[in-house]
1. Surrounded by fewer than 23 Cβ atoms within 10 Å (Cβ to Cβ), closer than 30 Å to residue A:134 by Cβ and more than 9 Å from every other protein chain (Cβ to nearest Cβ) - does that describe any residue in segment A:153-171?
2. Within segment B:31-51, can you find the residues that are outside any strand (DSSP E or B), over 18 Å from residue A:128 (Cβ atoms) and either within 13 Å of chain A (Cβ to nearest Cβ) or open to solvent by 100 Å² or more (accessible area, probe 1.4 Å) (or both)?
3. Evaluate segment B:232-240: report whether one residue or more is surrounded by fewer than 19 Cβ atoms within 10 Å (Cβ to Cβ) and modelled with pLDDT under 90.
4. If you go through segment A:123-152, how many residues are among the hydroxyl-bearing types (Ser, Thr, Tyr), open to solvent by 10 Å² or more (accessible area, probe 1.4 Å) and assigned to a helix (DSSP H, G or I)?
5. So, restricting to helices (runs of 4 or more DSSP H) that lie completely within segment A:186-279, which ones have at least 2 residues that are touching a Leu at 6+ places or on another chain (Cβ under 8 Å), open to solvent by 20 Å² or more (accessible area, probe 1.4 Å) and more than 8 Å from chain B (Cβ to nearest Cβ)?
6. Output yes when any residue across segment A:4-15 is farther than 21 Å from residue A:253 by Cα, aromatic (Phe, Trp, Tyr) and out of contact with any Gly (no Cβ under 6 Å at 6 or more places or on another chain), and no when none is.
7. Could you list, in sequence order, the residues of segment B:235-266 that are part of a loop (DSSP other than H, G, I, E, B), out of contact with any strand residue (DSSP E or B) (no Cβ under 6 Å at 6 or more places or on another chain) and of a type in the set (Gly, Ala, Ser)?
8. I'd like the residue in segment B:107-126 that is more than 7 Å from every other protein chain (Cβ to nearest Cβ) and more than 25 Å from residue B:95 (Cβ to Cβ) and, out of all such residues, is modelled with the highest pLDDT.
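The values are calculated or read from the model by the stated rules, or taken from the named source; none is laboratory data. Everything numeric here is computed off the predicted structure, so don't read it as measured data. Virtual Cβ from ideal backbone geometry, glycine too; neighbours counted across all protein chains shown. Protein only, heavy atoms only, side chains kept; ligands, DNA and RNA dropped before computing areas. Shrake-Rupley method; radii C 1.70, N 1.55, O 1.52, S 1.80 Å.
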Amino acid sequence: MNQARTSPFNAMAMHGALILYTLIALFPVFIILINSFKSRKFIFREPLALPNAESFSMIGYQTVMKQGDFFLYFQNSMIVTVASLFFILLFGAMAAFALSEYRFRGNMILGLYLALGIMVPIRIGTVAILEMMVSTGLVNTLWALILVYTAQGLPLAVFILTEFMRQVSDDLKNAARVDGLSEYTIFFRLVLPLVRPALATVAVFNMIPIWNDLWFPLILAPAEETKTLTLGSQVFIGQFVTDWNAVLSALSMAILPVLILYVIFSRQLIRGLTSGAVK
Amino acid sequence: MKRPRIRWHIAVFLAPAVLVYTTIMILPLFNTLHLALYSRIDQERIFVGLQNFMTLFGEPVWADQFWNALGNNVWFFVIHMLVQNPIGIALAAMLSHPKLRFAALYRSAIFIPTILSFVIVGFAWKLILSPIWGIAPTMFGSVGLGFLYQPWLGKEEYALTSLSLISSGQFVGIPMMLIYAALLTIPEEILEAGEIDGITGLNAFWKIKLPLILPSIGIISILTFVGNFNAFDLIYASQGALAGPNFSTDILGTFFYRTFFGFQLQLGDPHMGAAVASAMFAIILVGVCVYLFGIQTRLRRYQL
């Protein structure tokens with residue numbers, strides 16, 4: 001790089017702008033976190049101060065723990081997210097393999113048909129989805145959510161994975177065929193491990209919207225035993241709005257799992273983006 | 001060699017995805033459009049043709065709400081396009097600067113709100129801006145600007161704009177990441193060629209990089225459009241199903257929810273709900289078509 005592109009003044013201005021924006025972005029999270037560790041009196045008296053010996057209190061967390069629902073909600077969210085991701089990846093990869101590997105009549109059209117869903121939000125079909133779930137008795141089960149999220153995630157998954165599977169070398173697959181391996185073995189043993197980075201990218205893209213969704217849990221599974229964490233915290237806010245300690249602690253605990261997931265997968269996200277997964 | 005046999009494995013590979021996608025997504029989509037043509041009178045489902053749509057667009061009780069929600073939704077989208085996307089692009093431009101230190105740190109920190117649910121972020125802002133808890137009044141007061149403070153979420157004239165800004169702030173991470181990725185893929189030779197011609201710094205951004213990332217800007221615009229016209233979570237989480245104060249923050253998503261499920265004294269009506277959903281579908285479809293045929297085909301010419 002040459003000198004003209006970075007004067008010290010420019011660099012300072014950039015850092016200034018970025019630091020300012022980072023502070024704005026993290027401010028709400030910061031406020032929730034610090035106040036969740038304070039006693040009620042100090043939440044109101046010094047909302048911006050860090051908890052200290054005098055103001056520190058775990059009362060909110062104790063309330064939430066005693067309620068017990070939190071862990072159920074967390075477990076529901078976990079089951080729904082993991083199961084949906086599993087089906088999105090498995091079914092998506094299978095379809096992508098068929099579309100990229102074989103030439104058959106209708107290949108193009110089927111690809112386009114599956115890609116339609118990228119642009120049309122599944123929420124538009126909610127009325128009929130609810131009707132269907134009621135008639136099949138799936139309402140208020142986690143299966144309703146898993147099915148909906150799987151359908152929602154498939155189009156992008158097929159689209160991205162088809163691109164990646166085209167890059168897997170044909171010689172390798174043909175060599176396997178000469179050795180007498182079945183198409184299924186080729187897919188599971190040979191191709192799937194090779195596209196693992198692409199699978200991870202698809203998983204990351206789908207994970208966050210599924211975990212955070214409020215709409216479908218609210219409509220398809222609002223029962224106490226099937227509430228997800230997002231719906232649970234929403235209801236909790238309404239119920240306990242006078243118990244500030246509990247609300248702030250519950251929200252802090254709801255932030256934690258996504259944060260951990262993000263830290264684990266963030267590198268994969270960047271790699272997926274820069275390798276052109278969504279272009 | 002394989003020609004004569006029916007290749008069953010192709011069907012086996014395709015079946016699960018096509019089946020789930022068709023039954024859970026495509027069929028409900030058409031069924032929703034279909035349901036919009038019916039009405040329930042005395043427990044019976046009766047075909048009423050386009051009557052529901054005429055009610056929705058023409059009858060004052062419904063039409064007022066519908067046009068209000070649509071107008072609000074357009075404003076919601078405009079703010080995202082004017083605030084979220086330009087800020088996202090600016091952040092990406094700074095982050096992709098080759099000599100910037102701590103770039104990964106900034107990137108992660110700014111992306112964090114994007115991964116959180118609207119329930120959390122909406123509530124946090126509600127607290128911060130609330131006149132009762134008073135962080136915002138105190139902060140404004142401490143720099144002598146106390147008179148500027150208003151209960152932004154509680155006043156009809158500011159609530160929608162405040163929520164749009166909150167939503168923009170939260171989702172800035174998405175345009176930032178997409179543009180960041182696009183900027184990284186610009187070949188170094190092009191920038192060096194520009195440098196030799198004396199195009200550096202901001203000029204290089206406007207004259208070289210921006211035209212090259214126009215396709216990505218097109219994609220984030222359409223993603224913003226589709227996302228905004230079926231948005232729901234933030235408004236519901238922070239203002240409730242009634243999208244207060246006095247429906248000033250009502251957008252199509254919350255209007256759809258109320259029509260479908262009912263609220264307080266109004267009973268839910270699946271058929272009117274389906275009509276609202278169909279209207280949303282039409283709006284999104286028009287937007288996507290404008291993008292695909294009007295914008296994207298033209299943008300492709302700029303690509304390398």
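1. Yes, there is a match, as at least one residue in segment A:153-171 is surrounded by fewer than 23 Cβ atoms within 10 Å (Cβ to Cβ), closer than 30 Å to residue A:134 by Cβ and more than 9 Å from every other protein chain (Cβ to nearest Cβ).
2. Looking only at segment B:31-51, we keep the residues that are outside any strand (DSSP E or B), and these are B:31-37, B:42-43, B:48-51.
If we keep only those that are over 18 Å from residue A:128 (Cβ atoms) as well, we get B:42-43, B:49-51.
Passing the criteria: B:42, B:43, B:50.
3. Our first condition is that a residue be surrounded by fewer than 19 Cβ atoms within 10 Å (Cβ to Cβ); within segment B:232-240, this holds for B:240.
Retained after the next criterion (residues that are modelled with pLDDT under 90): B:240.
Within segment B:232-240 (the criterion being surrounded by fewer than 19 Cβ atoms within 10 Å (Cβ to Cβ) and modelled with pLDDT under 90), the answer is yes, since at least one residue qualifies.
4. 1
5. Helices (runs of 4 or more DSSP H) meeting the threshold: A:196-212.
6. First pass over segment A:4-15, keeping only residues farther than 21 Å from residue A:253 by Cα: A:4-15.
Going one step further and asking which of them are aromatic (Phe, Trp, Tyr), we end up with A:9.
Next cut, out of contact with any Gly (no Cβ under 6 Å at 6 or more places or on another chain) only: A:9.
Scanning segment A:4-15 turns up at least one residue that is farther than 21 Å from residue A:253 by Cα, aromatic (Phe, Trp, Tyr) and out of contact with any Gly (no Cβ under 6 Å at 6 or more places or on another chain).
7. Of everything in segment B:235-266, those that are part of a loop (DSSP other than H, G, I, E, B), out of contact with any strand residue (DSSP E or B) (no Cβ under 6 Å at 6 or more places or on another chain) and of a type in the set (Gly, Ala, Ser) turn out to be B:240, B:243, B:244, B:248.
8. Among residues in segment B:107-126 that are more than 7 Å from every other protein chain (Cβ to nearest Cβ) and more than 25 Å from residue B:95 (Cβ to Cβ), the one modelled with the highest pLDDT is B:122.
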